[in-house]
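The structure under discussion appears below in the form of structure tokens.
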Amino acid sequence: MRGFADLYWRLDGTTSVTEKVQALCDYFASASPADAACALRVLGGARQSRVVPTPLLRRHAAAAAAIPEWLLEECYAQTGDLAETLALGLPAAERLPARPPDGPAEAIAPDLGLAGHVARLAALRGEKDEGVIGRFLLATWRVLAPRERIVWHKLITGGCRVGVSRSLLARALAEV
């Protein structure tokens, strides 16, 4: 996930077509085929759906941060970006609750790539059990850095968009 998050921030941080193509080339040259395919799908504008309902995501983030939900809402009102609010409101991994109150902790590999995270999200789609969703969120928050969490939140809320056209993607792929 770290590689895709780095790509996201490089793309977001520039308006230069040359720099965007270089960022894409660097990513595609170093990413695993599965991660590259997932990135291509996400960046290419494939329809993204909300995997975790927003109220549930907010509730679990507030609980993990040990803050009242109203405070999280006030922070969101100031930033205007839910993914950023959640990521910055959450504590560092070592300060997250050791285990969810409703079941055993879930563990995931800290170096899980984009494809692995997307597969985990797909497995969660349609889940109604709040405990399962809470354990999923907590396990993921535990392995992601704040800047990675922002990108991951954008993925799970269906809002992962960054200024890249399909022609830029094709150009970068052709160069790689």
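The table below gives the values:
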quantity	calculated
Close pairs (6 angstrom Cβ cut-off, 6 or more residues apart or separate chains): at negative phi in segment 49-71, open to solvent by 40 Å² or more (accessible area, probe 1.4 Å) anywhere	Val51/Arg125; Ala62/Glu69
Residue among Arg161, Arg149 that is open to solvent by 50 Å² or more (accessible area, probe 1.4 Å) and under 13 Å from the mean Cα position of the chain (by Cα)	Arg161
Leading residue by the ranking (surrounded by the fewest Cβ atoms within 10 Å (Cβ to Cβ)) among those in segment 134-146 that are part of a helix (DSSP H, G or I) and hydrophobic (A, V, I, L, M, F, W, C)	Ala139
Subset of segment 20-61 [of a type in the set (Ser, Thr, Tyr) and within 20 Å of Arg125 (Cα to Cα)]	Ser49, Thr54
Residue among Gly3, Gly89, Gly44, Gly80 that is without any contact (Cβ under 8 Å) to a residue 60 or more places away in the chain and farther than 25 Å from Val132 by Cα	Gly80
Single residue of segment 46-95 satisfying the filter (outside any helix (DSSP H, G or I) and farther than 30 Å from Val164 by Cα) that is least open to solvent (accessible area, probe 1.4 Å)	Pro91
From Gly113, Gly131, Gly126, residue being more than 19 Å from Ser49 (Cβ to Cβ), open to solvent by 10 Å² or more (accessible area, probe 1.4 Å) and small (Gly, Ala, Ser)	Gly113
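Let's see how each residue does on (1) among the β-branched types (Val, Ile, Thr); (2) under 27 Å from Asp35 (Cβ atoms):
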position	(1), (2)
Gly89	no, no
Ile108	yes, yes
Ala119	no, yes
Glu127	no, yes
Glu130	no, no
Leu137	no, yes
Arg142	no, yes
Val151	yes, yes
Val164	yes, yes
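The values are calculated or read from the model by the stated rules, or taken from the named source; none is laboratory data. Model, not experiment: these values are computed from the prediction. Here the Cβ is made from the backbone with ideal geometry for all residues, glycine too, and neighbour counts use every protein chain on show. Just so you know, the surface numbers come from the protein's heavy atoms only, side chains and all, with ligands and any DNA or RNA stripped out. Shrake-Rupley method; radii C 1.70, N 1.55, O 1.52, S 1.80 Å.
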